[in-house]
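Notes for the one structure printed next.
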Amino acid sequence: MKSKSIKGASPGEIKSALQHAAADGFKPTLAIVFLSVKQDRDAISKMFDKAGIVVFGVTTNGEFTGEGITEKSVAVLLLDINPDYFTVQFSELSEENYRQTTQAIAKKALEKFAHPAFLIAGSNMETDAEELLHGFEDIIGMQVNVCGGMAGDDFSFSEQFVFTNGQSSNRGIVVLVLDEDKIIVKGKATCGWTAMGTEKTVTKSEGNRVYTIENVSALEMTKKYSGLKNLTPDNPSIAVEIATSCTLQLQREQGEPVMRPGLIVNWQDGSFICSGKVPQGSKIKFSLPPDFDVIEKVIQNCKDLKATEMPEADALVVFSCAGRLASLGPLITEEIEGIQKVWDAPMAGMFSNAELARFTNGNLEMQNLTACCVVLKEK
């Protein structure tokens, strides 16, 4: 399998880049497209469709290739996979059918492949991503190979999209199904945020809303441990500061902790609406603000994956949390470059609203502040 990454600031630039990529006889059959909501995704999708290329498309909070990060632009990974080795499925979602939708996708995948792997992306902030994952587990089993992320919208947190040839939705799911008997798919998810202090108990919560920790409001507990000075509704960057500087780490019996940043503060009762479910009675720790060690952990985990399971790669796909970009700023470039250098393969990636993967020895879950690297290699 041959692959190439291209980028551009407009449909015209992408068309020119595609023509240049194909000048040596390269004939891609699949395009993994990451782009800004400000781009004309319909025009880009039609362009690929006219060229006979299947599209897996997602809007982002920023996109990148091995050549660096772009803003309000387009990054594409082109692959010449045998069409018999993959398929793309697309479905609309509603809050009543998350699990049933991915159950149906998994069943359809099994009709085509004995051992399917899934690259997925969903849209809409209200989508219950964990229910999507459970649907795959119901049909394939707990060992199902799923990686992906939730669509972004240039940090506006208003409307996100997934799309494929002739279809687009601000509340949908796009799924690239790969035949693992023909294509090796390995995902590696790493966060790197360091925990501080002792375990604490969530004493009151409902779904993704945390009211109290050790019988103290989530806001007051965060004030105590974060060191943040201006935790008031007048602070315009309060959500980013809480989410990235004093993130909750949900402890697990096995596998690494799962990050659950507080995204919305209820100033009346001091509760947080977090990025995912935080069960009442669960154990949490707070996180230290990130430093360069966070980047080194991601790159080292990729090196470990290369040394133990994937010595070579045909292509890389990366879903990196938008919170990593907000927290690390320009340093995030070193992380992206470091991942690409491990395998020295064509790469495209996006900054997502959430990452869908499993940590080492952990369950398949919705992650946050995480970098999920997906490595592809034809057998």
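The values are calculated or read from the model by the stated rules, or taken from the named source; none is laboratory data. Please read all numbers here as calculations on a predicted model, not as lab measurements. When we count neighbours, we look across all protein chains shown, and the Cβ atoms used for this are built from the backbone with ideal geometry, even at glycine.
Values computed for the structure shown
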read-out: Cβ-Cβ under 6 Å pairs, at least 6 apart or on other chains, region 1-19 side within 21 Å of residue 86 (Cβ to Cβ), far side not aliphatic (A, V, I, L, M); value: 1/314; 1/378; 2/80; 3/314; 3/346; 4/346; 5/65; 5/346
read-out: Any hit, region 129-149, residues being within 21 Å of residue 325 (Cα to Cα) and in contact with an Asp or Glu (Cβ under 6 Å, 6 or more places away or on another chain); value: yes
read-out: Test: residue 31 is closer than 25 Å to residue 185 by Cα, small (Gly, Ala, Ser) and outside any strand (DSSP E or B); value: no
read-out: Inter-residue pairs, beta-carbon under 8 Å, first of a type in the set (Ser, Thr, Tyr) and in region 307-325, second assigned to a strand (DSSP E or B) and surrounded by 24 or more Cβ atoms within 10 Å (Cβ to Cβ), 6+ apart; value: 320/349; 320/350; 320/351; 320/352; 320/355; 320/371; 320/372
read-out: The listed residue being buried (at least 19 other Cβ atoms within 10 Å of the Cβ) and not in a strand (DSSP E or B), out of 255, 192; value: 192
read-out: Filter pass, residue 180 being surrounded by fewer than 15 Cβ atoms within 10 Å (Cβ to Cβ) and either farther than 26 Å from residue 326 by Cβ or modelled with pLDDT of 90 or more (or both); value: no
read-out: All strands (runs of 3 or more DSSP E) inside region 299-379 with 3 or more residues being at pLDDT below 95; value: 354-358, 364-367
read-out: Looking only at region 259-283, and only at residues there that are surrounded by fewer than 24 Cβ atoms within 10 Å (Cβ to Cβ) and assigned to a strand (DSSP E or B), the one that is nearest to the chain's Cα centre (by Cα); value: 263
read-out: Residue ranges of strands (runs of 3 or more DSSP E) in region 112-173 with at least 1 members touching a helix residue (DSSP H, G or I) at 6+ places or on another chain (Cβ under 6 Å) and at pLDDT 95 or above; value: 116-122, 146-150, 162-164
read-out: Selection from region 47-70 of residues that are outside any strand (DSSP E or B), closer than 21 Å to residue 26 by Cβ and in contact (Cβ under 8 Å) with a residue 24 or more places away in the chain; value: 47, 48, 49, 51, 53, 66, 67
read-out: Evaluation of residue 99 against (1) within 30 Å of residue 332 (Cβ to Cβ); (2) not in a strand (DSSP E or B) (one fails), failing number; value: (1)
read-out: Residue in region 145-176 that is surrounded by the most Cβ atoms within 10 Å (Cβ to Cβ), counting only those that are in contact with a Lys or Arg (Cβ under 7 Å, 6 or more places away or on another chain) and of a type outside the set (Ser, Thr, Tyr); value: 163
read-out: From 10, 16, 36, residue being in the same structural domain as residue 163 (by TED's automatic domain parsing), among the polar types (S, T, N, Q) and touching a Lys or Arg at 6+ places or on another chain (Cβ under 9 Å); value: 36
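For (1) touching a helix residue (DSSP H, G or I) at 6+ places or on another chain (Cβ under 6 Å); (2) over 14 Å from residue 347 (Cβ atoms); (3) among the hydroxyl-bearing types (Ser, Thr, Tyr), each residue gets a yes or a no:
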| residue | (1), (2), (3) |
| --- | --- |
| 12 | no, yes, no |
| 25 | no, yes, no |
| 28 | no, yes, no |
| 51 | no, yes, no |
| 55 | yes, yes, no |
| 58 | no, yes, no |
| 61 | yes, yes, no |
| 66 | yes, no, no |
